[in-house]
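The values are calculated or read from the model by the stated rules, or taken from the named source; none is laboratory data. Predicted, not measured: the structure shown is a model, and the values here were computed from it. Cβ: placed from backbone, ideal geometry, glycine included. Neighbour counts: every protein chain shown. Keep in mind that these areas ignore ligands, DNA and RNA; they rest on the heavy atoms of the full protein, side chains included. Shrake-Rupley method; radii C 1.70, N 1.55, O 1.52, S 1.80 Å.
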Amino acid sequence: MRCLRHILDITWQDKVTNNNVLGRARITRMYKMLKQRRMRWLRHVVPMGDGRIPKDLLYGELMQEKRPTGKPQLRYKDVCKSDLKAMDVDLGMWKTLAADRSAWGRSVQRGLSKFEESLAKESEAKRQNESW
């Protein structure tokens, strides 16, 4: 955000919100881009045959190693699962949906736009609550 503000010549004294900066720059949020890339990768991995390294990495489990105590670090598939939930994609049907390229693309775009709108609303509500 700091780089975008510098490029657009917006100083901190201008009191411009991050949502407005992103709107002026016509750039999506980094969270949306990351979710989009993960969904694209999932769509790529679904038709792969068993034994392929990317598919084994997505569905693989450690055999004997125990995870450390405390809050465990999220695995890639855990992050993908939370992305699917955030975009309102049915967790039981995402593989069949990903098999149909056009339906997958529509559902991902719809989910991403809904996610971005909710992020903008949350940040605006938080900004309103913090104002004096």
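For this structure, a couple of remarks:
- Among the residues of the stretch 86-132, those that are over 18 Å from Met33 (Cβ atoms) and in contact with a helix residue (DSSP H, G or I) (Cβ under 8 Å, 6 or more places away or on another chain) comprise Asp88, Asp90, Leu91, Trp94, Leu97, Ala98, Arg101, Ala103, Glu124.
- Applying the criterion of being more than 23 Å from the chain's Cα centre (by Cα) and not basic (Lys, Arg) to the residues of the stretch 28-52, the residue that is nearest to Arg106 (Cα to Cα) is Gly49.
- Filter pass, Ala120 being touching a Lys or Arg at 6+ places or on another chain (Cβ under 8 Å) and not basic (Lys, Arg): no
- Considering residues of the stretch 110-132 that are of a type outside the set (D, E, K, R) and open to solvent by 90 Å² or more (accessible area, probe 1.4 Å) only, the residue nearest to Val21 (Cα to Cα): Gln128
- Filter result (open to solvent by less than 90 Å² (accessible area, probe 1.4 Å) and assigned to a loop (DSSP other than H, G, I, E, B)) within the stretch 14-46: Val16, Thr17, Ile27, Thr28, Arg29, Val46
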